[in-house]
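Colleague: Pasting a structure below so you can have a look.
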Amino acid sequence: MKFLIIGSKGFIGSNLAKYLISLKYQVFESDVVIDYEKQENYFLVDATNANYHDIFQQVTFDVCVNCSGAASVYDSLNNPHRDFQLNTVNVFKLLDAIRHYQPECRYINISSAAVYGNPMSLPVKESDQLNAISPYGYHKVVSEQICEEFHRFFKMKTCNLRIFSAYGEGLKKQLFWDLWLKASKSTEVKLFGTGRESRDFIYIGDLVHAILLVALNAKFNGESINIANGNEVTIEEAVKTFYSIFDKKIEVSFSGESRPGDPNNWRADIQKINDLGYKPVYSLKQGLQNYYQWLKTRG
């Protein structure tokens, strides 16, 4: 099988490429970053006006995984046009290129749990009402609708993956990265919220395996699939777990202030991905230990 990973220099894309290559799949990569180390099987695209037609005219792929786009609620509130271009317009451009040249190529769209906003009940199912509370979440909803559109009207093989709180080596943003930066400057750390907010964390090692299972086994009928571990963990518990790995004691307090666009509680119903053969391998502490070791290598 030939895989094309769009956004291969990002957190999910780079880890997915390494994982697939380790399993001897043929992997082609594409991103806006100039690759000075290896040019083989790599397509450079224009960051300001991505054109994917040339890629699909050159090589025939079995699966295209779109890991590109913006992934910041904060940035989407400050620059919604940029977020829309990266998370919505580029999805349409990609699918249109596939429609023209390789309509049999399976397309995986990396979406987000942000489409749910604050769910009415937990665990949240794929069939539950979508209620995005940020431009980022809204744009991910639209990207999913575009995938449904291309399947419905052009019979293309599309699938959306609603990624919950992913973490691991290579991630340089969000909760655990922020905790690392704060702890490097002080032994007293103050965070937003109350600590009672919750997330469904998934380690990158489990995440890339889930993506492969989707590529091999999903129906590709425009459906959406939750990608998580099905465990609700409070932010306070996650922080304690992470800081318990450190060789110094960190005192943590919460401001009680919420940030715009941040949901309160998440836990995913993962029956769909389980039906495709998924079983989590890494506990939260195991994943965080791996992440911590990677962070230490960065100095």
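The values are calculated or read from the model by the stated rules, or taken from the named source; none is laboratory data. Model, not experiment: these values are computed from the prediction. A quick note on method: Cβ atoms are made from the backbone with ideal geometry, for glycine too, and the neighbour counts reach across all protein chains shown.
Colleague: Among the numbered conditions (1) of a type outside the set (Lys, Arg); (2) touching a strand residue (DSSP E or B) at 6+ places or on another chain (Cβ under 6 Å); (3) under 19 Å from Ala210 (Cα atoms), tell me where Ser30 comes up short.
Modeller: (3)
Colleague: Which residue pairs have Cβ atoms closer than 9 Å, lie 6 or more positions apart in sequence or on different chains, and pair a first residue in region 282-295 that is of a type in the set (Lys, Arg) with a second residue that is buried (at least 16 other Cβ atoms within 10 Å of the Cβ) and part of a helix (DSSP H, G or I)?
Modeller: Qualifying pairs under 9 Å: Lys285/Thr241; Lys285/Phe242.
Colleague: Restrict the check to region 25-42 and report whether at least one residue is under 16 Å from Lys93 (Cβ atoms), at pLDDT below 95 and aliphatic (A, V, I, L, M).
Modeller: yes
Colleague: Can I ask one more? Given the options Ile245, Ile250, name the one that is over 13 Å from Gly193 (Cα atoms), at pLDDT 95 or above and touching an Asp or Glu at 6+ places or on another chain (Cβ under 9 Å).
Modeller: On inspection, the qualifying residue turns out to be Ile250.
Colleague: With respect to Leu284, is the statement that it is of a type in the set (A, V, I, L, M), closer than 22 Å to Ala71 by Cβ, surrounded by 15 or more Cβ atoms within 10 Å (Cβ to Cβ) and out of contact with any strand residue (DSSP E or B) (no Cβ under 9 Å at 6 or more places or on another chain) true?
Modeller: No; evaluated as a whole, the condition is false for this residue.
Colleague: Any residue at all in region 253-262 that is crowded, with 18+ Cβ neighbours inside 10 Å and not small (Gly, Ala, Ser)?
Modeller: The answer is no, given that none of the residues of region 253-262 is crowded, with 18+ Cβ neighbours inside 10 Å and not small (Gly, Ala, Ser).
Colleague: Considering region 251-267 alone, what residues qualify as being farther than 25 Å from Glu126 by Cα and touching a Lys or Arg at 6+ places or on another chain (Cβ under 8 Å)?
Modeller: Passing the criteria: Val252, Ser253, Phe254, Ser255.
Colleague: What pairs come up if the first residue lies in region 182-198 and is farther than 16 Å from Phe242 by Cβ, the second is hydrophobic (A, V, I, L, M, F, W, C) and part of a strand (DSSP E or B), and their beta carbons are under 7 Å apart, counting only those six or more places apart or on different chains?
Modeller: Thr194/Phe254
Colleague: Return yes or no: is Phe28 touching a Phe, Trp or Tyr at 6+ places or on another chain (Cβ under 9 Å), surrounded by 17 or more Cβ atoms within 10 Å (Cβ to Cβ) and either among the acidic types (Asp, Glu) or without any contact (Cβ under 8 Å) to a residue 60 or more places away in the chain (or both)?
Modeller: yes
Colleague: Right, Ile235: farther than 21 Å from Lys140 by Cβ and free of Cβ contacts under 8 Å to residues at least 60 places away in the same chain or not?
Modeller: Judged against the criteria, Ile235 is not a match.
Colleague: Could you check, for region 21-43, whether at least one of its residues is under 17 Å from the mean Cα position of the chain (by Cα), within 17 Å of Asn109 (Cβ to Cβ) and either charged (D, E, K, R) or not in a strand (DSSP E or B) (or both)?
Modeller: Scanning region 21-43 turns up at least one residue that is under 17 Å from the mean Cα position of the chain (by Cα), within 17 Å of Asn109 (Cβ to Cβ) and either charged (D, E, K, R) or not in a strand (DSSP E or B) (or both).
Colleague: Now, a different point. Among the candidates Leu130, Leu122, single out the residue that is assigned to a loop (DSSP other than H, G, I, E, B), within 18 Å of Glu148 (Cα to Cα), in contact (Cβ under 8 Å) with a residue 12 or more places away in the chain and among the hydrophobic types (A, V, I, L, M, F, W, C).
Modeller: Leu130
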